[in-house]
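After the C-alpha cells below, expect a handful of questions from me.
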Amino acid sequence: PAVYYRDSVSRKDVSPSLSSSTTAKTTTAGFTLEMPAGLVDKKGKSRSQIAAEEVFEETGYRVSADDLRLVNRYRASVGLMGSIHDVFYVQVTEKMREGRGGGVEKDGENIEVAYLPTEDIPAFLSDPEKDVPAGLLYSLQWFLLAQVRMNQGASIGDMVLRPAKL
C-alpha cells in the first residue's frame, strides 16, 4: 500500500522496494485509522446503498441505506486523481452488530475495528503523531460540531445536506 511505501523510504529497517520480501517489517507498517470506505463500483446501487454495505463488511454493524445521512461531498487527492468522497453519518448501537467486521478477506482487506470515545476525539485530533487521512479528521471535526449544535437544540437533520438518496 502507498502508506507503507511512503513510510518505508524514511525507515532504516525496511527497504523502499515494493518487491522486497526479505526486509524486516513492523506489524503496523502501512496501517492507518480510517472511516469505513469503499469504491462506487456496483451497478444499480446508490452511493448510500454501497456505503451501508461497506459499513457492514468493515465494522459488522448492519445499517440501512435509508438511515444514512449525507454530511458532505468533497474531492480528495486533487493533485493525483481528484476522486469524489461522500461522508455519511449514521448512529449505531450494539443491537445492530450482526457480524465481526474486518473487511472481505478474499479481497485482501485486513481491518480491525477501533472505537474512539467521544471524549477522546479532541486529544486525537490534536495529536500530530496520528497518521490518518484528512477525511477522518474532517469527519471527527464535523461530529464534534454536531454534538455542540445538538446541545444547543439542533438536530442531526439540521446538520446534514439532504437525505442520502444518491
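The values are calculated or read from the model by the stated rules, or taken from the named source; none is laboratory data. For clarity, every value in this text was computed on a predicted model and none was experimentally measured. Here the Cβ is made from the backbone with ideal geometry for all residues, glycine too, and neighbour counts use every protein chain on show. Remember, those area values only see protein heavy atoms, side chains included, never the ligands or the DNA or RNA. Shrake-Rupley method; radii C 1.70, N 1.55, O 1.52, S 1.80 Å.
Which chymotrypsin sites (Phe, Trp or Tyr not before Pro) does the range 94-155 hold that lie in a coil by DSSP with at most 13 other beta carbons within 10 Å?
Tyr115
Which value, in Å² and to the nearest 10, is the accessible area of Met35 when all protein chains are kept and the probe is 1.4 Å?
Surface open to solvent at Met35 totals about 90 Å².
Something else about it: At a 1.4 Å probe radius, which order do Leu145, Leu116, Leu125 fall into by accessible area, largest first?
On the way: Leu145 95, Leu116 70, Leu125 45 Å².
Highest to lowest solvent-accessible surface, that is Leu145, Leu116, Leu125.
Once the piece of chain linking Ile111 and Arg73 is laid out straight, how much longer is it, given 0.36 nm per residue of separation minus the C-alpha distance between them?
11.3 nm
Now, a different point. Write down, largest first, the equivalent ellipsoid semi-axes of the range 20-156 in whole Å, where each equals the square root of 5 times an eigenvalue of the alpha-carbon gyration tensor.
In descending order the semi-axes read 25, 21, 17 Å.
For an R0 of 35 angstrom, estimate the FRET efficiency from the Cβ-Cβ distance between Asp127 and Arg62 and round to the nearest 0.05. List each step's numbers first, then the result.
Numbers: r = 32 Å, r/R0 = 0.91.
Once the sixth-power term is evaluated, E becomes 0.65.
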